[in-house]
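See below for the structure under consideration.
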Ligand code: HEM
């Protein structure tokens, strides 16, 4: 076995992108690495190359038969590791629930949840852990409302989901137990919703909609409904809550951005986009794809058929050929076509919802607590390294 560098590469102390990304981007060839599951792969870091791999059907996700680069099992990933036509069929069953129009309709609900969580923080003791008291319950409650998951169960998910989103941090037996318990919870919930529908009751939420599709082509199997329900809850809250906490932290380091969001909340969009570009959230690096033909990338490299490639959106987001001064967090970036939500057929289903939650969450936090500051020395913050989504385990703040 040749001595290859192991991927994913370790992140920086504050969860910054691995230094290797910038170095590799300069290399004419695609560097060969050993994935954490033992397979060899080529890593793709240049912006236009990453976009091509993510959007060209000659790169297959399902042909990569090894385990994913994080602790979820392939069977629990209804969308992420599937290719057309199966991927399109499953995604088509839920996509209507997350269109820009639907998200505009959700806005009052999201605003209510933000207000309730902020009011709870304001009424509680100081200092407060903003992850525990705001970013996680906010993002989780929004997903519960959308899916129709009982909100009294909100506290049950994080202890299961943290190990499921591990990239080597949690032991395999813990991960397996959490997969099983999460699956058991959603199996029982889907059964309950089915029974209520059969009894003629109206049940709000996407789980009930998945069980009673308006169009035949949106029909999913019972097992798919269970997997999709758990998957959407996880995908929807884990990313958003971590990005929000990391965004609050970054804004505290950039007071000019705090002023902008606080004084002109309607213009928070570009700030949020820039934070999303800058943050480098993906601890697994990217999703492995297999080339099903020889494919020439825009950067000039030809990927031979059969090779595994891992496109790295975080590296693409810091490509100086596309983003001027990529290492600077600038709220006035005019053009910001970042790849934080992916690109192509697997582009994040909840991107519009995530944007809304980020905008409302940040304007609410800095609007309610204009003097917000860290309650501990920065060196004491615990970063979520070796996890699928980087972020903070806690964010103790006061005001
Ligand atoms: C800031 C928050 C978020 C970020 C950074 C984010 C990012 C991503 C990324 C990078 C992907 C994968 C793209 C790929 O596989 O190539 C993805 C997929 C996905 N996201 Fe998000 N996401 C966020 C919030 C949400 C929310 C709120 C939802 C709620 C519905 C959601 C649901 C999904 C789903 C279901 C997929 C799988 C799509 C597919 O494979 O077709 N995400 N997201």
Restricting the first residue to the stretch 146-159 and requiring it to be under 20 Å from residue 357 (Cβ atoms) and at pLDDT 95 or above, which pairs with a second residue that is more than 16 Å from the ligand (Cβ to nearest atom) and outside any helix (DSSP H, G or I) meet a Cβ separation below 9 Å and a spacing of at least six or different chains? 148/203; 148/204
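Residue-by-condition table, conditions (1) within 15 Å of the ligand (Cβ to nearest atom); (2) part of a loop (DSSP other than H, G, I, E, B); (3) under 22 Å from the mean Cα position of the chain (by Cα):
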site	(1), (2), (3)
38	no, yes, no
65	no, yes, no
89	yes, no, yes
109	yes, no, yes
115	no, no, no
Can you name every residue in the stretch 266-280 that is crowded, with 17+ Cβ neighbours inside 10 Å and over 18 Å from residue 317 (Cβ atoms)? 268
The residue that is modelled with the highest pLDDT, considering only those in the stretch 205-231 that are within 25 Å of residue 181 (Cβ to Cβ) and not in a helix (DSSP H, G or I), is 205
Select, from 169, 61, the only residue that is within 25 Å of residue 182 (Cα to Cα), within 14 Å of the ligand (Cβ to nearest atom) and touching a strand residue (DSSP E or B) at 6+ places or on another chain (Cβ under 8 Å). 61
Per the filter on the stretch 133-156, residues over 20 Å from residue 208 (Cβ atoms), within 15 Å of the ligand (Cβ to nearest atom) and surrounded by fewer than 24 Cβ atoms within 10 Å (Cβ to Cβ) are 137
Across the stretch 228-267, the tally of residues that are away from the ligand (no atom under 14 Å from the Cβ) and touching a helix residue (DSSP H, G or I) at 6+ places or on another chain (Cβ under 8 Å) stands at 9
Matching option when the condition is assigned to a helix (DSSP H, G or I) and surrounded by 14 or more Cβ atoms within 10 Å (Cβ to Cβ), among 362, 329, 339: 362
Within the bounds of the stretch 381-395, is there any residue that is more than 16 Å from the ligand (Cβ to nearest atom), in contact with a strand residue (DSSP E or B) (Cβ under 8 Å, 6 or more places away or on another chain) and not in a loop (DSSP other than H, G, I, E, B)? yes
Suppose we keep only residues that are part of a loop (DSSP other than H, G, I, E, B) and farther than 23 Å from residue 328 by Cβ within the stretch 5-21. Which one would you say is modelled with the highest pLDDT? 8
Members of the stretch 298-312 that are more than 16 Å from the ligand (Cβ to nearest atom) and buried (at least 22 other Cβ atoms within 10 Å of the Cβ): 303
Tally time: how many residues in the stretch 313-325 are part of a loop (DSSP other than H, G, I, E, B) and either out of contact with any helix residue (DSSP H, G or I) (no Cβ under 8 Å at 6 or more places or on another chain) or within 14 Å of the ligand (Cβ to nearest atom) (or both)? 4
Residue 344 vs. criteria within 11 Å of the ligand (Cβ to nearest atom), at pLDDT below 95, within 18 Å of residue 235 (Cα to Cα) and touching a helix residue (DSSP H, G or I) at 6+ places or on another chain (Cβ under 6 Å): no
Could you tell me how many of the residues in the stretch 186-211 are closer than 17 Å to residue 146 by Cβ and surrounded by 13 or more Cβ atoms within 10 Å (Cβ to Cβ)? 12
Tell me whether the stretch 157-165 contains one or more residues that are outside any helix (DSSP H, G or I) and within 13 Å of the ligand (Cβ to nearest atom). yes
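The values are calculated or read from the model by the stated rules, or taken from the named source; none is laboratory data. What you see is a predicted model, and the numbers here were worked out from it, not measured in a lab. Counting neighbours? That spans all protein chains shown, and the Cβs are built from the backbone with ideal geometry, glycine included.
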